[in-house]
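A short write-up of the structure that comes next.
The values are calculated or read from the model by the stated rules, or taken from the named source; none is laboratory data. Computed from a prediction, not measured in an experiment: that's the story for all the values here. For neighbour counting, all protein chains shown are included, and Cβ atoms are generated from backbone atoms with ideal geometry for every residue, glycine included. Only protein heavy atoms, including side chains, enter the accessible area calculation; ligands, DNA and RNA are left aside. Shrake-Rupley method; radii C 1.70, N 1.55, O 1.52, S 1.80 Å.
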Amino acid sequence: MRLSPFMLTAQYTINGIRPKNGRRPCRHPFPFTNILPVFLRDHVSGKSDKQKNVACIQELSMMLACLKDNDFNDSPCFKEINALKSCNEKYMNSQRLKKLQDRTSELTPYEKNLSHKHLNHLLKKYPQPK
């Protein structure tokens, strides 16, 4: 028997509707089987809390470009060096405050990015039902 395009489309329709993704529709829903118990843990790991970005890259590149233009004489590049120092101080102060907040288990209200210690504190306070 020769298959015509009409017969091929008739095979892949359910109630006269062809699927939009081009796959053959499944007549029966696929059964879900639990391999592991389905519940959340009461703790998170701190692997993703490490900071990935580097601070003061713009200021460092500006200072190095100035030093290169002036044959590594630092007296004409006083403004760029001070900008790098102030940026580094701001970064170190922010890191110090962040570490201080991490050590205390107090939660800041409406904080969008919680550390793993704060998340663990909340998960211990409100454990998951098992």
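With all protein chains in place and ligands, DNA and RNA left out, the 1.4 Å accessible area ranks ASP71, ASP102 as ASP71, ASP102, largest first. For segment 41-130, the dipole from Cβ point charges (+1 on Lys and Arg, -1 on Asp and Glu) about the Cα centre works out to 800 debye, to the nearest 20. Taking 24 Å as the straight-line reach from the Cα of LYS99, the lysines in range (excluding those fewer than 8 positions away in the same chain) are LYS47, LYS50, LYS52, LYS85, LYS90, LYS112, LYS117, LYS124, LYS125.
Assuming R0 = 22 Å, can you tell me the calculated FRET efficiency for the pair ASP42 and LYS98, based on Cβ-Cβ distance, to the nearest 0.05? According to the calculation, E is roughly 0.35. With a simple spin-label model that places each label point 7 Å from the Cα along the Cα-to-Cβ direction, the separation between SER75 and LYS112 comes to 4.7 nm. Within the full protein context, the accessible area of LYS98 is estimated at about 90 Å² for a probe radius of 1.4 Å.
Apolar share of the accessible surface for segment 75-130: 57 percent from carbon plus sulfur atoms, 1.4 Å probe.
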